[in-house]
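Have a look at the structure below, then the notes.
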């Protein structure tokens with residue numbers, strides 16, 4: 001299957017509930033590259049690149065989030081694959097600061 005790259009912006013109670021680590025663990029299990037970060041407005045942003053089937057599974061997991069999460073908004077859009085990698089870790093998924 002071809003690669004798929006998406007940007008997710010998730011709003012609600014998504015900071016301080018372990019969402020970034022949850023996303024990193026799920027991405028690692030699915031061999032997805034990219035990052036997750038908290039945004040100053042209280043939302044969470046995820047860029048994910050990988051096999052289309054794996055990315056779709058990852059999106060499904062992120063729609064649920066970890067136990068203490070309360071998701072109010074979930075926006076998915078296509079992203080440039082170049083945005084999903086960085087000098088920090090070309091081969092994996094990482095937690096990025098603000």
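Which residues, taken from region 66-84, are more than 20 Å from residue 18 (Cα to Cα) and surrounded by 11 or more Cβ atoms within 10 Å (Cβ to Cβ)?
We begin by selecting, within region 66-84, every residue more than 20 Å from residue 18 (Cα to Cα); these are 76-84.
Result: 76, 79, 81, 83, 84.
When residue 94 is evaluated against the numbered criteria (1) surrounded by 14 or more Cβ atoms within 10 Å (Cβ to Cβ); (2) at pLDDT 95 or above, which criterion, by number, is the only one it fails?
All conditions pass for residue 94, except number (2).
For region 56-65, which positions are buried (at least 23 other Cβ atoms within 10 Å of the Cβ) and closer than 19 Å to residue 80 by Cβ? Before you say what the answer is, go through the steps one by one.
Filtering region 56-65 down to residues buried (at least 23 other Cβ atoms within 10 Å of the Cβ) leaves 58, 62.
Across region 56-65, the qualifying residue is only 58.
I need the full set of residues from region 55-74 which are in contact with a strand residue (DSSP E or B) (Cβ under 8 Å, 6 or more places away or on another chain) and not in a helix (DSSP H, G or I), in order please.
Within region 55-74, 65, 68, 69, 70, 71, 72, 73, 74 qualify.
Which condition breaks for residue 41 when tested against (1) surrounded by fewer than 13 Cβ atoms within 10 Å (Cβ to Cβ); (2) at pLDDT below 95?
For residue 41, the exception is condition (2).
Output the residues belonging to region 18-44 that are touching a strand residue (DSSP E or B) at 6+ places or on another chain (Cβ under 8 Å), closer than 23 Å to residue 82 by Cβ and in a helix (DSSP H, G or I).
20, 23, 24, 27, 28
If we scan region 46-54, do we find a residue that is at positive phi, surrounded by fewer than 21 Cβ atoms within 10 Å (Cβ to Cβ), touching a strand residue (DSSP E or B) at 6+ places or on another chain (Cβ under 6 Å) and not in a loop (DSSP other than H, G, I, E, B)?
No, the conditions are met nowhere in region 46-54.
Quick grid of which residues meet (1) in contact (Cβ under 8 Å) with a residue 40 or more places away in the chain; (2) within 11 Å of the chain's Cα centre (by Cα):
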residue: 23; (1), (2): yes, yes
residue: 29; (1), (2): no, no
residue: 34; (1), (2): yes, yes
residue: 41; (1), (2): no, no
residue: 49; (1), (2): yes, yes
residue: 52; (1), (2): yes, no
residue: 73; (1), (2): yes, no
residue: 81; (1), (2): yes, no
residue: 94; (1), (2): yes, yes
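The values are calculated or read from the model by the stated rules, or taken from the named source; none is laboratory data. The structure displayed is predicted, hence computed values, not measured ones. Neighbour counts run over all protein chains shown; Cβ positions are idealised from the backbone, glycine included.
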